Amino acid sequence: MKKIFLFGNWKMNQNLHATKNFAAESAAFFLEQPDMKAETEICIFPPFVLIPEAAKNFTKLGINVGAQNASDHGEGAYTGEVAPSMLKEAGCRCVIVGHSERRHIYGETSELVNKKALNCLASGLIPVLCVGETLKERDAGQTIDVISSQLQKGVKDFPVGAAYIVAYEPVWAIGTGRAASAQDAEKVCRLIKDSVHVPVLYGGSVKPSNAAELFSQPSIDGGLIGGASLKARDFFEILKNFRASEI
Ligand code: PGA
C-alpha cells in the first residue's frame, strides 16, 4: 500500500458551520471505512479564522490542520499578517507557501516565499512549497526552467534535513477542470523529487475521477486539492478511488 498525502486547500471558502459539518462527515466516513486511515496523511487548510475550530474538530479524527499562508516576520508591527508561531499555537502542522494565487494575485516573489518558508521552519511548521508554470511558460517550453528556479529559490538556506513538502501545481490546471496528464505531472514531479528528496504532491483539478491515475505515478505522493476538498464526500471519494485502484 502506497503512503499518500491528501491535502485540502479550502482557499477563501467555508464557514464555522461547514467546518463542523466536514468534521462530522469525516468521522462518519472513518467509522464506515476505518481502513482508509492507513498510510494516508490528511491535512485541511482552512482560512485563518477557521483554524481553531478545525483543529478542535479534526485533530481528534487524525486529520491535521494547516494554514494557507504565513508572515515572513515574527510577531510585531505588521498589520494584517499572521506569524507562524501563532499558527503553531492555533494547532497547525503545515503551511502552504507560494501558492500560485499568492504569487500571481498578490505578487509574491520566490524570495518572499523563501523567507516565509524559513520562518515556518523556525516555528516547527512544515512548509508546503508550491511551484508551477503558467500556460504561457508551458507553451514556450519553459516548464522545467520555471520549476527549477522556483524550487531552488524556494528552498534556499533550508537547514539540512528540514521537513517540508513540495506541491507541483501547474497554474493552467488550477480551478480550470483541466488537470495535467498523469504522464506530464509525473515528469515534473520526478524532476522535483530527484532534486530535493521530499514528498511531492500534484495539484490542479484533482477530482475523484482522475486521482487514481495521478496518485499511482511513482513520483507523485498525493494531492493538494482545492475545489474537490470543499465537500467531504468528494474529498474522501478521491481517497476511496485511489485505494480501489491499488487492489
Ligand atoms: P483545484 O485547486 O483543485 O481547485 O484546481 C488546487 C489548488 O489551488 O491548490
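Just so it is clear, none of the values below were taken in a lab; they were calculated from the coordinates. Quantities reported herein were computed from a predicted structural model and do not represent experimental measurements. Don't worry about glycine lacking a Cβ; one is built from the backbone with ideal geometry, like all the others, and counts go over all protein chains shown.
Worth pointing out:
- Kirkwood-Stokes translational diffusion coefficient of the stretch 63-148, alpha-carbon pairs, 20 °C, 1.002 mPa s, µm²/s: 157 µm²/s
- Relative contact order [Cα under 8 Å, 6+ residues apart], the chain, whole percent: 19 percent
- Principal semi-axes of the equivalent ellipsoid, √(5λ) from the alpha carbon gyration tensor of the stretch 4-246, are 25, 24, 16 Å from largest down.
- Net +/- balance of residues flanking Pro199 in space, Cβ distance below 10 Å, scoring K and R +1, D and E -1: 0
- Spin-label pair Asp35-Met1: with each label point 7 Å from Cα along the Cα-Cβ axis, the two points sit 0.8 nm from one another.
- Sites Lys56 and Val160 - FRET efficiency at Förster radius 22 Å, r taken between beta-carbons, to 0.05: 0.05
- With helices as the sole contributors, the chain gives -12500 deg cm²/dmol at 222 nm; each DSSP H run of n ≥ 4 counts as -39500 (n - 2.57), and the sum is divided by every residue.
- Here the Karplus curve 6.51 cos²θ - 1.76 cosθ + 1.60, taken at θ = phi - 60°, turns the phi angles of the stretch 60-76 into couplings of 5, 8, x, 9, 7, 10, x, 10, 8, 5, 7, 6, 8, 10, x, 4, x Hz, with x standing for Gly and Pro.
- Treating r as the C-beta distance of Tyr78 and Met12 and R0 as 25 Å, the FRET efficiency rounds to 0.80.
- When peptides 155-165, 123-133 are ranked by their average number of other Cβ atoms within 10 Å per residue, the highest-first order is 123-133, 155-165.
- The phi torsions of the stretch 48-57, fed into the Karplus equation with coefficients 6.51, -1.76 and 1.60 and a -60° offset, translate into couplings of 3, 5, 8, 4, x, 5, 5, 4, 4, 8 Hz, rounded to whole numbers, with Gly and Pro shown as x.
- Looking at the stretch 10-98, the chymotrypsin sites (Phe, Trp or Tyr not before Pro) that sit in a DSSP loop and have at most 15 other Cβ atoms within 10 Å of their own Cβ are Tyr78.
- Stretch gain in nm, segment Phe48-Ile105, where the contour uses 0.36 nm per residue and the Cα spacing is subtracted: 18.7 nm
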